[in-house]
Amino acid sequence: MTLLVFIGSLLGAMAIGVPVAFSLMFCGVILMWYMGMFNAQIIAQNMIAGADTFTLLAIPFFILAGELMNAGGLSRRIIDFAIACVGHIRGGLGIVAIVAALIMASISGSAAADTAALAAILIPMMAKAGYNVPRSAGLIAAGGIIAPVIPPSMAFIVFGVAANVSITQLFMAGIVPGLMMGIALVITWLIVVRKDKVEALPRASRRERLQATGRALWALGMPVIILGGIKAGVVTPTEAAVIAAAYALFVGLFIYRELSFKTLPHVILQAAKTTSVIMFLVCAALVSAWLITAANIPSEIAGLIQPLIDRPTLLMFVIMILVLIVGTALDLTPTILILTPVLMPVIKQAGIDPVYFGVLFIMNNCIGLLTPPVGVVLNVVSGVGRVPLGKVTVGVWPFLLAQTLVLMILVLFPDLVIVPARWLH
């Protein structure tokens with residue numbers, strides 16, 4: 001009954017248009033009332049405690065780094081570098097989008113920011129070269145969702161805090177799955193683009209490639225500093241976020257000089273707005289997480305799926321299907337914050353590696369960013385690229401299926417995540 005009260009109050013509030021953060025607080029209040037322990041101080045104390053975490057400082061700094069990267073010209077130089085390397089291949093602009101998405105993912109960790117930067121530059125170029133525009137927009141959207149999987153990832157930070165799992169281990173475990181997502185997109189793109197009559201870009205000369213590399217060198221150095229520092233144990237993910245923001249600020253102001261002190265307040269304001277939304281969600285969710293534990297809801301969930309506890313692969317399939325369904329209706333962060341405290345006790349009871357589960361859980365949530373009716377990344381591509389949302393939704397399907405196939409492969413073969421993660425860590 002407690003589980004029904006939790007789900008009913010949460011879904012009911014969201015169904016009438018209450019924002020997710022307030023819906024989480026509302027279902028917490030309903031749970032307290034149902035259990036006869038209503039106390040307004042519990043809400044305030046848990047919200048304050050939820051925000052008062054050193055690890056969560058990484059979120060505003062990575063968001064700021066992403067905004068500075070786009071405003072300071074780092075994103076454009078990464079795309080120019082990718083064009084110089086692979087733009088001449090048939091269907092090359094699609095491969096450029098994927099390569100640029102992988103590089104940018106290792107800098108900002110924000111699906112929306114990376115997708116916006118790629119769509120603004122590449123969609124007009126692809127349209128001019130004769131590419132199918134809805135399919136191109138779908139590819140860019142599918143490339144954008146790699147950002148939360150490849151470190152540094154804000155989604156891993158949120159999950160790590162909610163699940164009490166090492167964020168450094170999550171970062172290292174996300175590298176191989178993220179690359180697999182990129183490879184799957186390349187293969188799918190080369191298959192679907194075969195029949196299109198597209199105009200390939202001229203092959204860049206060796207000198208032009210060297211010049212493009214030289215211009216992008218400062219941008220390409222950013223992921224090396226971030227991931228190298230974390231891997232070497234020199235910095236924590238939170239400290240790496242501060243370094244990333246400072247590095248992007250320095251390069252944008254003094255190296256590329258596309259960022260000015262006049263535009264800096266606007267960039268900081270945008271980062272602050274995004275941070276406030278995410279942090280309020282985190283605070284509200286931790287109120288619900290505390291009450292979920294107090295109401296013993298994980299035990300109720302475990303009882304429902306008890307027959308699957310001894311069959312971890314089948315359990316993972318069932319959970320992935322559940323998360324995929326939820327992801328069609330909720331954004332990335334709310335899904336993580338709502339489901340993590342419910343699912344983690346079950347995962348531990350089944351003996352599934354929490355880091356492995358975390359990577360697949362985040363991948364699944366990212367796929368949800370491509371699925372209507374919410375489809376946040378689809379909306380970003382539609383708005384920035386000026387492509388009708390319905391056409392983008394049709395164009396993304398081949399790539400959505402490819403990403404889902406990668407997820408299913410990782411469910412069947414956990415060592416593809418676990419073994420490289422141990423080696424990299």
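The values are calculated or read from the model by the stated rules, or taken from the named source; none is laboratory data. Predicted model only: the values in this text are computed from it and were never measured. So basically every Cβ, Gly included, is an ideal-geometry build from the backbone, and we count neighbours across all protein chains shown.
What to note about this one:
- Being among the β-branched types (Val, Ile, Thr), within 25 Å of the chain's Cα centre (by Cα) and at pLDDT 75 or above holds for only one residue in ILE16, ILE78, and it is ILE78.
- Selection count, the range 103-125, where residues are part of a helix (DSSP H, G or I) and surrounded by fewer than 24 Cβ atoms within 10 Å (Cβ to Cβ): 8
- Whichever residue in the range 129-188 is in a helix (DSSP H, G or I) and polar (S, T, N, Q) and, among such residues, is modelled with the lowest pLDDT: THR168
- Residues within the range 196-207 that are over 14 Å from HIS88 (Cα atoms), more than 32 Å from the chain's Cα centre (by Cα) and assigned to a loop (DSSP other than H, G, I, E, B), tallied: 1
- The set of residues in the range 44-85 being among the β-branched types (Val, Ile, Thr) and surrounded by 20 or more Cβ atoms within 10 Å (Cβ to Cβ) consists of ILE59, ILE63, ILE78, ILE79, ILE83.
- Any hit, the range 404-421, residues being part of a loop (DSSP other than H, G, I, E, B), over 18 Å from ASP114 (Cα atoms), free of Cβ contacts under 8 Å to residues at least 60 places away in the same chain and among the charged types (D, E, K, R): no
- Residue within the range 380-388 that is assigned to a helix (DSSP H, G or I) and within 17 Å of the chain's Cα centre (by Cα) present: yes
- The one condition in (1) assigned to a helix (DSSP H, G or I); (2) surrounded by 18 or more Cβ atoms within 10 Å (Cβ to Cβ); (3) of a type in the set (A, V, I, L, M) that LEU259 fails to fulfil: (1)
- In the range 231-244, of all residues being surrounded by fewer than 21 Cβ atoms within 10 Å (Cβ to Cβ) and hydrophobic (A, V, I, L, M, F, W, C), the one that is modelled with the lowest pLDDT corresponds to ALA232.
- Per the listing ALA212, ALA219, ALA173, ALA204, the residue uniquely touching a residue at least 40 places away in the same chain (Cβ under 8 Å), farther than 17 Å from CYS85 by Cβ and of a type in the set (Gly, Ala, Ser) is ALA173.
- Some residue of the range 51-63 being of a type outside the set (Ser, Thr, Tyr), at positive phi and not in a helix (DSSP H, G or I): no
- ALA244 falls short on exactly one of the conditions (1) small (Gly, Ala, Ser); (2) under 30 Å from VAL133 (Cα atoms); (3) under 20 Å from the mean Cα position of the chain (by Cα), and that condition is (2).
- Residue list for the range 90-110, restricted to those being hydrophobic (A, V, I, L, M, F, W, C) and modelled with pLDDT of 80 or more: LEU93, ILE95, VAL96, ALA97, ILE98, VAL99, ALA100, ALA101, LEU102, ILE103, MET104, ALA105
- Positions within the range 169-190 being touching a helix residue (DSSP H, G or I) at 6+ places or on another chain (Cβ under 6 Å) and either within 21 Å of GLY94 (Cα to Cα) or surrounded by fewer than 24 Cβ atoms within 10 Å (Cβ to Cβ) (or both), in sequence order: GLN169, MET172, VAL176, PRO177, MET180, MET181, GLY182, ALA184, LEU185, VAL186, THR188, TRP189
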